[in-house]
Amino acid sequence: MSVSAVTEADTDNDVRLAAARFEALGSAKRLSIYRILVQAGPEGLPVGKIQQQLKIPASTLSHHLTKLIQTGLVKQTRISRILQCQADFDNMSQLISFLLEKCCAADDDCC
C-alpha cells in the first residue's frame, strides 16, 4: 500500500468518524446533553442530575447517552451506584480540529 493510499484511508476514516460524531450531535436533546456535560467540566455529572436539568425520562436519556458514548463524545464511569458522565474533551478537540484543519486553505487572508 502506498503512502498516498494510507493517507487517503486515514482521511476516509477521519471523515467517517467526524460524520458519526456530528450525527450524534444532530439531535437537539443530545446536543443539549453534550453542552451540559461540557459546561460541567472534567468531573462531569451524574446521570440523575442531567435528567433533572433536562426534565426527560430516564429511558430517553439513556438512549441519547448511548449514542454519545458510542461515538466517543461522552465517557461514563460508575462510582458505587452512581453513573457519572463526562464529555470527552480530547475527542471534542479532535472534532473541532478536523473542521479547522484546512480552514481557508484556498485563501491565506481568510482568517
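The values are calculated or read from the model by the stated rules, or taken from the named source; none is laboratory data. Everything quoted here is computed from the prediction, not taken from an experiment. Note: ideal-geometry Cβ built from the backbone for every residue, glycine included; neighbour counts use all protein chains shown.
When segment 78-105 is examined, which residues are found to be among the β-branched types (Val, Ile, Thr) and within 12 Å of the chain's Cα centre (by Cα)?
Answer for segment 78-105, where residues must be among the β-branched types (Val, Ile, Thr) and within 12 Å of the chain's Cα centre (by Cα): just ILE96.
Residue-wise test of (1) farther than 17 Å from ALA19 by Cα; (2) crowded, with 16+ Cβ neighbours inside 10 Å.
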residue	(1), (2)
VAL74	no, yes
ALA87	yes, yes
SER97	no, no
ALA105	yes, no
ASP109	yes, no
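I'm checking my understanding of the structure. Among residues of segment 12-35 that are loosely packed, with under 11 Cβ neighbours inside 10 Å and farther than 23 Å from GLN53 by Cβ, which one is modelled with the highest pLDDT?
So, considering only residues that are loosely packed, with under 11 Cβ neighbours inside 10 Å and farther than 23 Å from GLN53 by Cβ, the one modelled with the highest pLDDT is ARG16.
Determine which member of the set PHE89, PHE98 is touching a residue at least 60 places away in the same chain (Cβ under 8 Å) and either in contact with a Cys (Cβ under 7 Å, 6 or more places away or on another chain) or of a type in the set (Phe, Trp, Tyr) (or both).
Every option except PHE98 fails the conditions.
Name the residues in segment 57-72 that are surrounded by 17 or more Cβ atoms within 10 Å (Cβ to Cβ) and without any contact (Cβ under 8 Å) to a residue 40 or more places away in the chain, would you?
Of everything in segment 57-72, those that are surrounded by 17 or more Cβ atoms within 10 Å (Cβ to Cβ) and without any contact (Cβ under 8 Å) to a residue 40 or more places away in the chain turn out to be LEU61, HIS64, LEU65.
Under 12 Å from TYR34 (Cα atoms) and out of contact with any His (no Cβ under 8 Å at 6 or more places or on another chain): is that true of PHE89 in this structure?
yes
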